[in-house]
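Below you'll find the structure, written out as structure tokens, and then a few comments.
Laboratory data are not the source of any read-out in this text; all were calculated from the coordinates shown. Source: prediction; values computed, not measured. Reconstructed Cβ throughout: ideal geometry from the backbone, glycine too, with neighbour counts over all protein chains shown.
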Amino acid sequence: MPNRLALETSPYLLQHAGNPVDWYPWGPEALERAQLENLPIFLSIGYAACHWCHVMERESFADPGVAAFMNANYVCIKVDREERPDLDSIYMQAVVAFTGRGGWPMSVWLTPAGEP
């Protein structure tokens, strides 16, 4: 069953529309749910031509067990860095500040308010 990404136009987001992860695109629906339910956000940023993004999709996001855990514990948001370079820049700076390096796919755990 397709998730919310099936309604998007980004090729990268559409590649994840069939995942069992209950993906949200970045927007008020996801952010409001995180705050209302006091759930942390799992933010995944990548792009259509990213080899390791495809590997992560195949090995993690397509796995029903991984998806069940993610769906129960997070509001899961998927972002195409080519569609939203502003978000990519903000969260990449945070990842590099925390870890000393960054790359894609980028996974960031956020507070319900959207802060890393």
(message) Taking C-beta distances below 4.7 angstrom as the pairing criterion, name the unpartnered cysteines of the chain, in sequence order.
(response) Cys76
(request) Run through the DSSP bridge list for the chain and note the antiparallel percent, rounded to the nearest 5. (result) 35
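Distances over 11 Å make up what percent of all Cα-Cα pairs in the range 53-92? Write down the numbers at each step before the final one.
Working: 547 of 780 pairs.
Across the range 53-92, Cα pairs with separations above 11 Å total 70 percent.
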(request) Post the alpha-carbon centroid distance, the range 1-29 to the range 34-63, in whole angstrom. (result) 10
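Given contacts defined as C-alpha pairs under 8 Å and at least six residues apart, what's the relative contact order of the range 4-110, whole-number percent?
Details: 159 pairs, mean separation 38.6, N = 107.
That works out to 36 percent.
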(request) With a bin width of 10 angstrom, please list the P(r) values of the range 20-90 as percents of all Cα-Cα pairs, from the 0 bin to the one holding the largest distance. (result) 20, 49, 29, 2
